[in-house]
Amino acid sequence: MTEMMHDWGLTTTIGWQNEDAHGRSISSEKRSQMHRLRKWQNRIRTQDAKERNLQHALGEIDRMASGLGVPDATREMASVIYRRALSEDLLRGRSIESVATAALYAACRQENIPRSLSELAPVSRVDRKEVARTYRYISKELGLKIEPADPKQYVPRFASKLDVSPEVQQKAKEVIDVSTEAGLLSGKSPTGFAAAAIYAASLLCDEKVTQRTAADAANVTEVTIRNRYQEQIEAMGIQM
């Protein structure tokens, strides 16, 4: 059984190969018969609007998760969240795509998979603001317990994009720890915070990373990198 299929994968599936059990091609008459059987099988699997809704949404979740490289466990979690939203009638006035994207984002947050709303936007069929609104709504209505995102989760991925040394990665985590303890993370984007920490660490370790490349890696603006960087080095008591 799998939550990622609307019928949990329990129904019969008729294959599309026009061959018999021995691998021999079947006759044209049998092909026509099998085509009709497949057509009716697909109709039977989705008997009402709710099942068609679920089938479409779970397909969207799987498509987006594939684009983001999200593991199967997180896809299953997203499917469970969407099923709950559907059963509690939370889709009223909202598109299937926005709730599916919000469910996937919520699952990533619950499973500690570092994926930001900015990263979901390119693979989603709805804009970032709509996903953010829907995410806040379903999180509240379903009572999802989601911890604030940790910027350190984003460091390895951004560091890989920027091709920096392990020394820079370690220093970036130190910068994040110190600035977080100083209360600078509250209300800030964890992706911009992490990218700025890598930029600061690269300067401290004498490696060349520009504000532009750091911003591109995290899909934020250079202004964000510059502002977070200034706050972080001040928190560490460093004059650059």
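Okay, here's what the table says:
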{"read-out": "Number of positions in the stretch 116-132 that are at pLDDT 90 or above, under 13 Å from the mean Cα position of the chain (by Cα) and part of a loop (DSSP other than H, G, I, E, B)", "value": "2"}
{"read-out": "Residue in the stretch 72-83 that is at pLDDT below 75 and either farther than 24 Å from LEU120 by Cα or in a helix (DSSP H, G or I) (or both) present", "value": "no"}
{"read-out": "Subset of the stretch 68-81 [out of contact with any Leu (no Cβ under 7 Å at 6 or more places or on another chain) and not aliphatic (A, V, I, L, M)]", "value": "GLY69, PRO71, ASP72, THR74, ARG75, GLU76"}
{"read-out": "Test: residue in the stretch 124-132 that is touching a residue at least 60 places away in the same chain (Cβ under 8 Å) and touching a helix residue (DSSP H, G or I) at 6+ places or on another chain (Cβ under 8 Å)", "value": "yes"}
{"read-out": "Residue match in the stretch 149-170 (condition: in contact with a Lys or Arg (Cβ under 7 Å, 6 or more places away or on another chain) and surrounded by fewer than 18 Cβ atoms within 10 Å (Cβ to Cβ))", "value": "no"}
{"read-out": "Among (1) within 13 Å of the chain's Cα centre (by Cα); (2) modelled with pLDDT of 90 or more - the single one GLU181 does not satisfy", "value": "(1)"}
{"read-out": "Failed item, numbered, when THR213 is tested on (1) of a type in the set (Val, Ile, Thr); (2) at pLDDT below 95; (3) within 23 Å of SER116 (Cα to Cα)", "value": "(2)"}
{"read-out": "Residue list for the stretch 84-115, filter: among the basic types (Lys, Arg) and part of a helix (DSSP H, G or I)", "value": "ARG84, ARG109"}
{"read-out": "Test set (1) assigned to a helix (DSSP H, G or I); (2) of a type in the set (A, V, I, L, M, F, W, C); (3) not assigned by TED's automatic domain parsing to the domain that holds MET64 - VAL164 fails condition number", "value": "(1)"}
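The values are calculated or read from the model by the stated rules, or taken from the named source; none is laboratory data. Because the structure is predicted, anything quoted here is derived from the model rather than measured. Heads up, the Cβs are rebuilt from the backbone with ideal geometry, glycines too, and the neighbour counts pull from every protein chain shown.
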